[in-house]
Amino acid sequence: MDAAPDARKAKRPTEPDGPRLERQGKVVRVRSLQAARQVLRERKRTTQAGFTAEAIPQGFFKHHPILISDGPIHDQQRTKVGRFFAPKVVAERYTSLMEKCADALLDAARSDGGCLLDDLALFYSVEVTAEVVGLTQSQVRPMARRLVTFFNQPPFDITRPDLGRTRRQWAQAAVNGLVPVARFYLRDVRPAIRARRRQPQQDVISHLIAEGYSDADIAVECVTYGTAGMVTTREFICMAAWHLLQDHALRDRYVSSDQPGRLDLLSEIIRLEPVVGHLYRRVQESFAIEDEGREFGLEAGDLVDLCVRDANADPEVVGDRPLGLCPGRPLPAGVNAAGLSFGDGAHKCPGQPLALLEADALLVRLLALDPQIVSEPRLGWDDLIAGYSLRGFRLRFPTQARR
Ligand code: HEM
């Protein structure tokens, strides 16, 4: 197990890791885990400012997309979709689907002698999430390709007015955003809606139809689930596999643990390597946060940058070796084993149980094939999720594992 002082692979040397609380004009950076949780739990005095939420025109939607909506309407949306993501529901309804998808993809990879894990993880997470959401009328691989094109966006800086983009970059962003949405709508979402209008299923799209969502509103929710759910899980699976394949003690502990033990271990990996590196909130009404006994004022209009990568390694909360991998590390009551990697408060990720179970079902099967790393993944950074991407992660299987 890697209890080394710094086991983190997704390092970003250009990003400062202190101080714990910092103000630069209207931008406040929070690197203390408890203070960050406090901001995320201020559901009445803050609003969503991440994922370019504030640049998305709201009047266009009859129902606000869940990720960028706030207040009582958002709470209701959450309660209603919660039933699709409850841990028991996910385990009962989707375990066999996950196992089937993982087996099929790994069987094919084994016949080929190896795989590009980032592709395999993408197809896998898209297939599983598509089932929960109800995007089952189109083929998985082309849909996955359509989903990843959303990320092909010009760079932006969320702390700057107009996101720091030039007019040309905004025009590019509109084209790069709208064309994939239109394609995704026509090929994936519309056929799924039509099928469910005829025959409702137990999935998110059927629920949205019953709630009176328009086709455009449903398409936007599907983009949210597609990007928030599928693409993030893909990165996490690759990151977890990278650690498990290079750290023999960690891998032994993982394969010899029962499922709760494995999920704890995966939570520790995602604590150390959060896929979404920053969350953002706009302060609507002044309030104070507290860190190490001192108060720090937040003013209406402030943009709060919650630095998840630093908060998750806050020694005041996670204890010794904050950048080491120590599954089952003691944490104060109420602190999630994954830190803030799945958020907290009103927008906390409903997909956490699904993502962890899904990753586990694939990783257990992958490790049983004893893969070897042919090429380590290239680390990249994405502005939209303020997090890492891993590409070119090639594995091969020993001859006896091939068919
Ligand atoms: C490793 C995989 C995943 C990671 C790291 C992740 C991370 C996150 C984070 C950090 C948030 C909170 C955003 C904020 O507070 O601003 C979030 C929200 C969300 N996630 Fe996940 N997520 C993952 C998987 C999933 C899956 C599998 C689904 C569903 C299929 C999902 C659906 C959502 C939705 C709908 C929201 C918006 C919730 C809201 O705003 O109320 N996520 N996710």
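With only Cα atoms counted, region 121-279 has Rg and Dmax values of 18.6, 55 Å. The accessible area of Val276, taken with all protein chains in place and a 1.4 Å probe, comes to roughly 20 Å². Note on surface exposure: Ser389, Ser96, Ser69 rank Ser96, Ser389, Ser69 by accessible area, highest first, 1.4 Å probe. Based only on the alpha carbon positions, what is the Kirkwood hydrodynamic radius of region 280-376, in angstrom? Final number for the Kirkwood radius of region 280-376 is 16.7 Å. Computed from Cα atoms alone, the Kirkwood hydrodynamic radius reported for region 203-275 is 14.5 Å. For the chain, the residue among Val39, Ala337, Ile73 whose Cα projects farthest onto the positive side of the dipole built from Cβ charges is Ile73. Percent of Cα pairs in region 303-355 per distance bin of 5 Å, from zero to the largest separation: 4, 17, 28, 25, 17, 8, 1. Two numbers describe the Cα atoms of region 59-109: Rg and Dmax, which are 16.8, 48 Å.
Using only the C-alpha atoms, the convex hull of region 1-127 corresponds to 241 Å³ per residue. Rolling a 1.4 Å probe over the protein chains gives Phe84 an accessible area of about 10 Å². Each pair of Cα atoms in region 159-241 enters the Kirkwood radius, and Stokes-Einstein at 10 °C and 1.306 mPa s then converts it into a translational diffusion coefficient of 106 µm²/s. Comparing Gln24, Gln48, Gln259 in a Gaussian network model of the chain where C-alpha atoms under 10 Å apart are linked, the largest mean-square fluctuation is found at Gln24.
Counting only protein heavy atoms and using a 1.4 Å probe, the accessible area of Met98 comes to about 0 Å². Across region 215-310, the relative contact order, built from alpha-carbon pairs under 8 Å that are at least six residues apart, equals 21 percent.
Given only helices, namely DSSP H runs of n ≥ 4 each adding -39500 (n - 2.57), what is the per-residue ellipticity at 222 nm of the chain, to the nearest 500 deg cm²/dmol?
Value at 222 nm, helices only, nearest 500: -14000 deg cm²/dmol.
What is the diffusion coefficient of the chain in µm²/s, taking the Kirkwood radius over Cα pairs and the Stokes-Einstein relation at 4 °C with a viscosity of 1.567 mPa s?
Value of D from the Cα-based Kirkwood radius: 59 µm²/s.
With the convex hull drawn around the C-alpha atoms of region 353-395, the volume per residue stands at 70 Å³. When the chain is treated as a GNM with alpha-carbon contacts under 10 Å, the residue of Arg234, Arg168, Arg37 showing the greatest mean-square fluctuation is Arg168. Taking every protein chain into account, the accessible area of region 212-331 amounts to 33 square angstrom per residue (probe 1.4 Å).
3J(HN,Hα) couplings calculated from phi for region 176-190 with the Karplus curve 6.51 cos²θ - 1.76 cosθ + 1.60 (θ = phi - 60°) are, in sequence order, 5, x, 6, 4, x, 5, 4, 5, 4, 4, 5, 8, 10, 6, 4 Hz; Gly and Pro show x. A dipole drawn for the chain from +1 and -1 charges on Cβ atoms has a positive end, and of Pro155, Gln202, Gly25 the residue lying farthest that way is Gln202.
Normalising by the residue count of the chain, find the relative contact order in percent from Cα pairs under 8 Å and 6+ residues apart.
Across the chain, relative contact order equals 30 percent.
Would you look at the GNM of the chain, springs on alpha carbons closer than 10 Å, and say which of Gly25, Gly164, Gly114 moves the most? Residue with maximal mean-square fluctuation among Gly25, Gly164, Gly114: Gly25.
The mean of 1/r over all pairs of different alpha-carbon atoms in region 221-319, once inverted, gives a Kirkwood hydrodynamic radius of 16.3 Å. Surface analysis of region 61-172 yields an accessible area of 49 Å² per residue, using protein heavy atoms and a 1.4 Å probe. For region 87-148, the fraction of C-alpha pairs more than 13 angstrom apart is 64%.
The values are calculated or read from the model by the stated rules, or taken from the named source; none is laboratory data. Worth saying up front: this structure is predicted, and the values here are computed from it rather than measured. Reconstructed Cβ throughout: ideal geometry from the backbone, glycine too, with neighbour counts over all protein chains shown. Only protein heavy atoms, including side chains, enter the accessible area calculation; ligands, DNA and RNA are left aside. Shrake-Rupley method; radii C 1.70, N 1.55, O 1.52, S 1.80 Å.
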